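Down below is the structure, laid out as structure tokens.
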Amino acid sequence: MKRILPWLVAVAFFMESLDTTILNTALPTMATALHVVPLSMKAVLTSYTLSLAVFIPVSGWVADRFGTRAVFSSAIGLFTLGSLLCGLSSNLHVLVACRILQGCGGAMMVPVGRLTMVHAFAKPELVRAMSFVAIPALIGPMIGPLAGGLIVGLFHWRVIFFVNLPIGLLGLLLVYRHLPDFRAEETAPLDWLGLILFGSGVGLLSYVLEIFGDHTLGSAAIAVLLVVASALLIVYGWHATHTPHPLLRLSLFRIRTLRAAVTGSFITRLGIGGMPFLLPLLYQVGLGYSPIKSGLLILPQSIAAISLKATMPNILRRLGYRRVLLSNTILLGILIGLFATIGPGTSLAVIGLQALAFGFLSSLQFTSMNTLVYADVSEADASMASTIASTMQQMSMSFGVAAASLVTAVFIPDRFRSEPGQITHGIHLAFLVLGSLTVVSAAIFRELRTEDGDSVSQHKVAPAIG
């Protein structure tokens, strides 16, 4: 079972990663087909990641209540149905609605798959198992940008969603035949009030970030919405500490390793999360490259991530989580800022080398943060820890795309009539802001101790001399 399980989980990871990366490259072409400006297409990305953030909190409870096999297969089925409906959408609003449905399925796939891995593998095996799962899952990002460019260049953008159909059917077959069924003997009642408060607060906050630079609402209205969203989340925080079975058990943040991993991951992903949205805009709208060429320039990121994934456990074993996360986060932020140097005169070789470096550093960052979450978490709390980590991860990705779009819109006020040079300049400034934000997030990992995460990485601290 342990030999087959990583491949089963990888099918879900592959579907989700392929769907996102294949879509990024196609966004400018889709914007033309749907008669909207490219920056408006951020709703197609944020609606999906936002629905993940809203519905992931119940994934742990649903898996404990109904079992991992039933929930995982239902999630793949719903994701596949949403993909079909997205491909049949006639306008941007319908497409966004179908992406939300697709996100409801995706909300269960990755966290339940990760939870199954946590139950099946002991902590010393977890880093290697997670890294192994990520290798086939990274095939999606590797072929996604190029596949997206080829599809919109040779066929139709709707085909992008239809490629999920055979993968989803294969996933359903494998899950029913091979996925183990873990479930809790007893489950607490679902925190419906917490789900309403948290979901409404996160949804409203994401909506405010999305429309902030669009000038569709006045500053007073936006301020009111921001206050309401903040109030909902504050009330949820109070509710979560005064109910016996909260939707997200915030008391787990008392665990230092989980707190550093989750909060550091949230801020780091705000910077990294905007890159898949900005890079296609830079290459296609700013520099005038074709979708296929744009996909080829993004391809080295996934090649580096896959090629070096097997070395990640050894790096963590040698250096430990604190050293890796402190140094890697700073390097990653600097590298994001260096994308601001890419212009019409930049050679393709330089762009490819930057993409290779970004792929390796971001993959090391994600592997480190994702596995550190479980370093000091008990078996009984694994489901809740997985839910919290997945929820915060998707929130940060949604907010990252919104933040990247917001920053770009600030630097390109008249994006409807801006020239490619103006768009490129605005995107460059956005890279600098996101890179700075990523560097700042390194401060979170200073809280870690040298020995933190050793139960997962098997890092051995050298004894002091003298």
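The values are calculated or read from the model by the stated rules, or taken from the named source; none is laboratory data. All figures in this text were calculated on a predicted structure; none of them were measured in a lab. Note that each Cβ is placed from the backbone with ideal geometry, even for glycine, and that neighbours are counted across all protein chains shown. Just so you know, the surface numbers come from the protein's heavy atoms only, side chains and all, with ligands and any DNA or RNA stripped out. Shrake-Rupley method; radii C 1.70, N 1.55, O 1.52, S 1.80 Å.
Just subtract the alpha-carbon distance of Leu84 and Asn314 from 0.36 nm times their residue separation and send over the number in nm, one decimal. All intermediate terms of the calculation are to be shown ahead of the outcome.
Numbers: separation 230, 0.36 × 230 = 82.80 nm, distance 4.12 nm.
So the chain would gain 78.7 nm between Leu84 and Asn314.
With a 1.4 Å probe rolled over the protein heavy atoms of all chains, the accessible area of His245, His428, His119 falls in the order His245, His119, His428, largest first. Relative contact order of the range 21-116: 37 percent, from C-alpha pairs under 8 Å at least 6 residues apart in sequence.
Its Cα centre serving as origin, the chain has a Cβ charge dipole (Lys and Arg +1, Asp and Glu -1) of approximately 760 debye. Partnerless cysteines in the chain, where a partner means another cysteine C-beta under 4.7 angstrom, comprise Cys104.
For the pair the range 246-268 and the range 364-384, the centres of their Cα atoms are 10 angstrom apart. Report the extension gain between Val228 and Glu186 in nm, rounded to one decimal, defined as 0.36 nm multiplied by the number of residues separating them, less their alpha carbon distance. Stretched out fully, the Val228 to Glu186 stretch lengthens by 11.5 nm. Fully extending the segment from Glu451 to Thr346 would add 33.5 nm, taking 0.36 nm per residue of separation and subtracting the current Cα-Cα distance. Under 14 Å from a label point set 7 Å out along the Cα-to-Cβ vector of His245, the amide N atoms of the range 60-77 belong to 60-66.
Distance between the pseudo-spin-label points of Ile330 and Arg177 (7 Å out from Cα toward the beta carbon): 5.1 nm.
If r is the Cβ-Cβ distance from Leu165 to Thr32 and R0 is 30 Å, what FRET efficiency results, to the nearest 0.05? List each step's numbers first, then the result.
Details: r = 25 Å, r/R0 = 0.83.
For Leu165 and Thr32, the calculated efficiency is 0.75.
Would you work out the relative contact order for the chain, in percent, from Cα pairs under 8 angstrom that are 6 or more residues apart? Reported relative contact order: 25 percent. Spacing of the modelled spin labels on Arg259 and Leu429, each 7 Å from Cα toward Cβ, amounts to 3.7 nm. Quick one: grab the alpha carbon gyration tensor of the range 297-414, order the square roots of its eigenvalues as a ≥ b ≥ c, and give me rounded if a/c is under 1.5, else prolate or oblate depending on whether a/b is larger than b/c. Oblate is the answer for the range 297-414, as a/c is 1.5 or above yet b/c matches or exceeds a/b. Using a 10 Å Cβ count of at most 13 others and DSSP loop calls, identify the longest part of the chain lacking such trypsin sites (Lys or Arg not before Pro). Segment 4-416 is the longest.
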